[in-house]
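Working notes for the structure below.
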Amino acid sequence: MESLRLVASPSLRASLPRPAAAFAARSPSRSRVVTLAGARARARAQPLRSGPKDSILEELAQDDMLNAVELVQWENGKSINDIAASQGIRIRRHCRPSVSLKEIEEELGAPRNILEKIIWDKEVEVAEGHAKKPLKEVIEAAEQAPPTRDFLGALAAAYKRNGVPALIAEVKKASPSRGVIRQNFDPVEIAQAYEKNGAACLSILTDEKHFQGSFENLEKVRDSGVKCPLLCKEFVIDKWQIYYARSKGADAILLIAAVLPDLDIKYFLRICKELGMTALIEVHDEMEMERVLNINGVQLIGINNRSLETFVVDTSNTKMLLEKHGDAIREKGILVVGESGLFTPDDVAYVQNAGVSAVLVGESLVKQDDPGRAIAGLFGKELLH
Ligand SMILES: O=P(O)(O)OC[C@@H](O)[C@@H](O)c1c[nH]c2ccccc12
């Protein structure tokens, strides 16, 4: 009988039902030779318990199992990093959250760039999150969160109302490329000022280690009476983070195509749909744009003008990608967000002419004494609610 290696993506593996998780985890390199027939038999042998509370978890777990088996069929013998690389993804996973960084570096070498470093740290952080709060608990917390607000609808309405791209204003204290952007940082005060001055939606950075953000900030903003829909700006590699974000009040989540293989994006989109959340899928280059346009159900694409690998910012990136793919994007009714490096009304007009309906802006607002007032400066006019 044909022998194939069973692989499960990090997000899938974390949530596989026990027998599959066990045999996907046996090898430290996270892949192992098994027979396809054996994998199928294990997948089918996993019974589905019923009951309303467990239904999402179990349905998804069952799905994971089948996806893992499908992965074997589709990718035939490739490791998780091979699968990512075959899609043009340069970011590798170490997949060994409990091993010291030193040992990992002995095996894989140092992280190749800041994004890879962030992802390696995130793998450890997510494993700790799982240990502190198991998936099942996070799902229950997400189910009890107040209802989602319509992130996509708020963007479309604001664009129509103001005739300039809708603003997603970012609550951002620091970044690896800029260091601390604002010393005197009060997330709630900034969020309220943004809302008062016409932001359609808000983006809250939650990564602590590299951006000095937090889920506490997200929760605080959500509890402050701010009405704008909220984007959780996180480096998502595992579905646990999506449920966690929802439990803290997020209405939308960022999914970065430079980090996530297609199957993860599809799977996470499904979870977002189930939770009533909007997924903002971020691309930076042509290959990522093509991959994302081939995924069904994508409604919102962000074009990042900043490379998360080199930090180089170039607003002509938005123009170039929309010149090439604008037709396909319009045909599918996808809304596009221009992200990063926007400072002046000319910058906004430039990406608007390129075809974006919304912009995501952090630094140029946050660094000003009055981030709320800074909005009219950025657009050259006051925005209406
Ligand atoms: O501060 P800027 O240049 O206005 O950029 C905001 C936003 O686009 C940027 O923070 C961002 C875009 N994609 C990301 C992914 C992770 C972290 C941060 C980001």
Just reorder 310, 318 by solvent-accessible area, largest first, 1.4 Å probe, all chains present.
310, 318
Please compute the net charge surrounding residue 371, taking Lys and Arg as +1 and Asp and Glu as -1 over other residues with Cβ under 14 Å from its Cβ.
-1
Computing the accessible area with a 1.4 Å probe over protein heavy atoms, can you report the carbon and sulfur percentage for region 272-375?
44
Which of the pairs 122/227; 133/248; 172/220; 266/332; 227/248; 173/209 have their Cα atoms more than 21 Å apart in this structure?
122/227
FRET efficiency, residue 143 to residue 216 (Cβ-Cβ, R0 22 Å, nearest 0.05)
0.55
Tell me which residues come under 5 Å, amide H to amide H, from residue 203 once H is placed; ignore anything under 5 positions away on its chain.
169, 170, 171, 231
Could you check the spin-label model distance between residue 113 and residue 90? Points 7 Å from the Cα along Cα→Cβ, value in nm.
0.3
Could you pull the accessible area for residue 340 with a 1.4 Å probe, rounded to 10 Å²?
20
For residue 282, which sequence-distant residues (separation of 5 or more, or a different chain) have an amide H within less than 5 Å of its own amide H, given hydrogens modelled in the peptide plane?
255, 256, 257, 302
Would you mind calculating the gained length between residue 189 and residue 273 on full extension (0.36 nm times residue separation, minus the Cα-Cα distance), in nm to one decimal?
27.2 nm
Region 132-213: C-alpha gyration tensor shape, a/c 1.5 cut-off, then a/b vs b/c:
oblate
Here FRET efficiency (C-beta to C-beta, residue 128 to residue 285, R₀ 41 Å, nearest 0.05) is 0.80
Per the Debye formula with a single identical scatterer at each Cα and no solvent contribution, what log10 I(q)/I(0) holds for region 78-216 at q = 0.11 Å⁻¹?
-0.64
Gain upon complete extension [residue 296, residue 103; 0.36 nm per residue less C-alpha separation]
65.6 nm
Can you tell me how region 175-280 classifies by the Cα gyration tensor, rounded, prolate or oblate, using a/c under 1.5 as the rounded cut?
oblate
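The values are calculated or read from the model by the stated rules, or taken from the named source; none is laboratory data. Predicted, not measured: the structure shown is a model, and the values here were computed from it. Note: ideal-geometry Cβ built from the backbone for every residue, glycine included; neighbour counts use all protein chains shown. The accessibility values were calculated without ligands, DNA or RNA, using every heavy atom of the protein model including side chains. Shrake-Rupley method; radii C 1.70, N 1.55, O 1.52, S 1.80 Å.
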